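Derivation of every value follows stated rules applied to the coordinates shown; laboratory data play no part. Here the structure is a predicted model, which is why all the values come from computation and not from measurement. Cβ placement follows ideal geometry from the backbone for every residue including glycine, while neighbour counts extend to all protein chains displayed.
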Amino acid sequence: MLSSKNLLLRSRSKKSKQSRSTFSKRPNSITKKPKHESENQDTTLAPPPQSSAEAEEHEQAEFEGEDGKFSLKISAQSHSHGVQPLGNLYFSSSSTNSRNTGLGNLKILTDELVLEILAFLSGTQLGVLSTVSKSLYVFCNQEPLWRSLVLETCKNGFLYNGSWKNTFVSDYKCSFKIVSSGIRVRDFYSDYLFQSWLCANLEMKPEWLERDNIVRKRGISVEEFVSSFEEPNKPVLLEGCLEKWPAMEKWDREYLVEVCGDDQFSVGPVQMKLEDYFRYSDQAREERPLYLFDPKFAEKVPQLGMDYEVPDYFSEDLFSVLGRERPDYRWIIIGPAGSGSSFHIDPNSTSAWNAVVRGSKKWVLFPPDVVPPGVYPSPDGAEVACPVSIIEWFMNFYNATKSWKKRPIECVCKAGEVIFVPNGWWHLVINLEDSVAITQNFVSRRNLLNVLDFLKRPNASSLVSGTRDRVNLHDKFENGISTALPGTIDELIVKAEEKKQQPKKLSFWESVTDSKAGAFKFSF
């Protein structure tokens, strides 16, 4: 069993464009209880299976933080180089942190800065530098460094071999027999390096999954959907919409691999065959697993496009007036447990629907006027700062929302269910198991004016996404609507002005919050 108390972990950060995931600070504490170091291990390609004793140890392993206990996954292996959280130094019989002694004068640098410097090195240079000291051995073997090297050099895909370092070496010289020394460094303490491992190996706490306060509907009419959810811009989970989809019966792994063949799909910055991606996702044990997220899947494999149809609720698709010049709007999404999307708002002020074909997803949504805790958008909305990983957000920020008057809308969306995400809503999604989904962004009459306003913002060139012609998209779209649906824009402007003159209705949160019960009371 691991044991100790109040071990402070430092923050890490990530920044990105609003259309993707974001930047972070790691406050809050997580604790590790000391345990005996395991014996050195030799590995070839993928790490060896754990012994029953190791498995039992990790099954029982718990960490304590300000938000209670956290449990490790049964499959979690101990940190490959023996890195421990900094707080454990206070419980050690030695007062030495080998992290500092092995860095020499570089010890004054933060761990994050050391890794940023090392990221400028090639694979060969990292290998040579790792022989200088035990501390540099640990730093130079950090998986994110090797992951970046693989993704930079293998744009046409890769064959994952148990770790990113092994993958890089085998791609460089496939005849090499890859053997990891498995060196474990004693008395190496680092919050930054330890927490990356911790986030990759934590189980989702049951209390993170139990809140389900979204409205669920089955068999409602299109008119009811529009009046109750799309017009007031409220999320809803729709059941029974996918029963006629061939994908629900056909889309198992074997079918997808067979029908996709050698076609390549977007996986982060690289293109991969689906079979190779599944090889990666089966082995990956990292904080932020790569996500297959491809906007051209139906063009690449037309059969996939024929295996589903847009639910009637979302049939109005006004961006279609642009034909081939329309922004990206539909994606196939495939990922292992732990993969997903950090908090973001969908691009171009569109609304979206997400249909789960296999697996299940945890959703957390905040309305446009409520910025999620730990998320910091730039004034112009072009960039967002948020936790490095989704698990980190749950660890450090989720419990804070329990005391908020405006609590998030949450649910677990399972296979066969569809969630409607209104325009402007912040949302986070994490796969709870291996999952396959289809998502589409769309523009209807209900959000057309919002989209047109968004596309003509002064900084549209930095905000608009999914198209090469960001500057002229507004004019092209407005002209396309005027030609295909003459008078529609003027009619919507008149209705919007009339609506402003009407008495103000209860806000979304005023209509759902039951302050006495401390829960939600949906009144629509």
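Near residue 253: Cβ cut-off under 12 Å, other residues only, Lys/Arg at +1 and Asp/Glu at -1. The net charge is -3. In this simple spin-label model, placing a label point 7 Å from the Cα along the Cα-to-Cβ direction at both residue 460 and residue 172 gives a separation of 4.7 nm.
List, in the order given, every pair from 165/205; 69/361; 107/205; 234/300 whose Cα-Cα distance in the structure shown is over 25 Å.
Long pairs (Cα-Cα over 25 Å): 165/205; 107/205; 234/300.
Counting only aspartates and glutamates at least 8 places from residue 402 when in the same chain, those with an alpha carbon closer than 15 Å to its own are 66, 67, 207, 210, 212, 410, 514.
Based on the Kirkwood approach, the hydrodynamic radius assigned to region 362-449 is 14.8 Å, with every pair of different Cα atoms included.
Compute the relative contact order of region 368-511 as a whole-number percentage, counting only Cα pairs closer than 8 Å that sit 6 or more residues apart in sequence.
18
Note on residue 262/residue 153: beta-carbon distance plugged into 1/(1 + (r/R0)^6) with R0 of 25 Å gives a FRET efficiency of 0.75.
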